[in-house]
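Right, one structure below, let's go through it.
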Amino acid sequence: MAASMDSDRGRTSGPEMATSFGFRKVASGEKQPLVNEVFHQVADRYDLMNDLMSGGLHRLWKDAMVSSLAPPRADRRAFRVLDVAGGTGDVATRIVERGGKATSAVVCDINGSMLEVGKARAAKAGLGDRLSFVEGNAEDLPFPDRSFDAYTIAFGIRNVPRIDKALSEARRVLKRGGRFMCLEFSQVDVAGLDKVYDLFSFNAIPVMGRMVTGDGEPYRYLVESIRKFPNQERFADMIREAGFSRVSYRNYSGGIACLHSGWAI
């Protein structure tokens, strides 16, 4: 299950992510506005963005994430989920549709453009009574302590400047016995696949992004940000350091993506 630590992969530590905008080093405090601009540009094409970056597999990975979460189907058992950096609501929608009528989700995202897309989709799907949308920062969540049964974040935590702060906040807002789940692009652990994946990522994805949206630079940043994110073992250690117990992870598609899990005990 574990991926080896490869020094030439450019995997940074958590603190270094705060000044890493892809392969560029930026001043402290500059990363968040730059990331915000990327997602303002791709907000209405978010699913397409993930389709380009994963070959459409992100949909299966997200389904697997929700299956692992297993929201209760009982209509009387309240189950409240916080989905962070999930502005378009694709993960939160899966959760409430999988769970019973007492399952609800709050989508929290720092990017207003993404939230507007999510709100429109929720209304169209008739889920406005079970999905709510709040603009907020993962590093300083606008929610009280121990207010959620689960915390999910999919393909968003690598864009947070101070990952340790986001993990600490996740731990704070979870009830005792609550579950943390993070789906993120990670380090490929299959010989040969890593080289194919790098060729596709660095050469094809920015070109496809430019063809579809007229600008390939947001996609170049997103590809680079994957290579700078801590690998599976290092990120699992960060989750433990934030106070979570029973931390585990599962690779998907040879480590292209990885689902991390921890419990607030």
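Of note:
- All strands (runs of 3 or more DSSP E) inside region 77-146 with 1 or more residues being modelled with pLDDT of 95 or more and under 15 Å from the mean Cα position of the chain (by Cα): 79-84, 103-109
- Pick from region 24-58, criterion part of a loop (DSSP other than H, G, I, E, B) and either more than 20 Å from residue 229 (Cα to Cα) or at pLDDT 70 or above (or both), ranking: least open to solvent (accessible area, probe 1.4 Å): 56
So that you can scan it fast, the table gives a plain yes or no per residue for (1) among the hydrophobic types (A, V, I, L, M, F, W, C); (2) farther than 20 Å from residue 182 by Cβ:
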{"position": "93", "(1), (2)": "no, no"}
{"position": "99", "(1), (2)": "no, no"}
{"position": "108", "(1), (2)": "yes, no"}
{"position": "135", "(1), (2)": "no, yes"}
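- Tally, over region 226-250, of residues that are of a type outside the set (D, E, K, R) and more than 15 Å from the chain's Cα centre (by Cα): 7
- Pick from region 252-265, criterion open to solvent by 10 Å² or more (accessible area, probe 1.4 Å) and either over 15 Å from the mean Cα position of the chain (by Cα) or of a type in the set (Val, Ile, Thr) (or both), ranking: farthest from residue 91 (Cα to Cα): 265
- Taken together, 229, 202 contain a single residue that is more than 24 Å from residue 106 (Cβ to Cβ) and open to solvent by 60 Å² or more (accessible area, probe 1.4 Å), which is 202.
- Qualifying residue in region 59-70 (condition: open to solvent by 40 Å² or more (accessible area, probe 1.4 Å) and of a type in the set (A, V, I, L, M, F, W, C)): yes
- Scan region 77-91 for residues that are surrounded by fewer than 24 Cβ atoms within 10 Å (Cβ to Cβ) and under 18 Å from residue 178 (Cα atoms) and the total you get is 4.
- Cβ-Cβ under 7 Å pairs, at least 6 apart or on other chains, region 112-141 side farther than 16 Å from residue 81 by Cα and touching a residue at least 40 places away in the same chain (Cβ under 8 Å), far side open to solvent by less than 30 Å² (accessible area, probe 1.4 Å) and part of a helix (DSSP H, G or I): 113/39; 113/43; 114/39; 114/43; 114/46; 117/43; 117/46
- Selection from region 172-199 of residues that are surrounded by fewer than 19 Cβ atoms within 10 Å (Cβ to Cβ) and either under 28 Å from residue 265 (Cα atoms) or in contact (Cβ under 8 Å) with a residue 60 or more places away in the chain (or both): 172, 175, 176, 177, 190, 193
The values are calculated or read from the model by the stated rules, or taken from the named source; none is laboratory data. Computed from a prediction, not measured in an experiment: that's the story for all the values here. In this analysis, Cβ positions are derived from the backbone assuming ideal geometry, glycine residues included, and neighbour counts consider all displayed protein chains. With ligands, DNA and RNA removed, areas are computed over all heavy atoms of the protein, side chains included. Shrake-Rupley method; radii C 1.70, N 1.55, O 1.52, S 1.80 Å.
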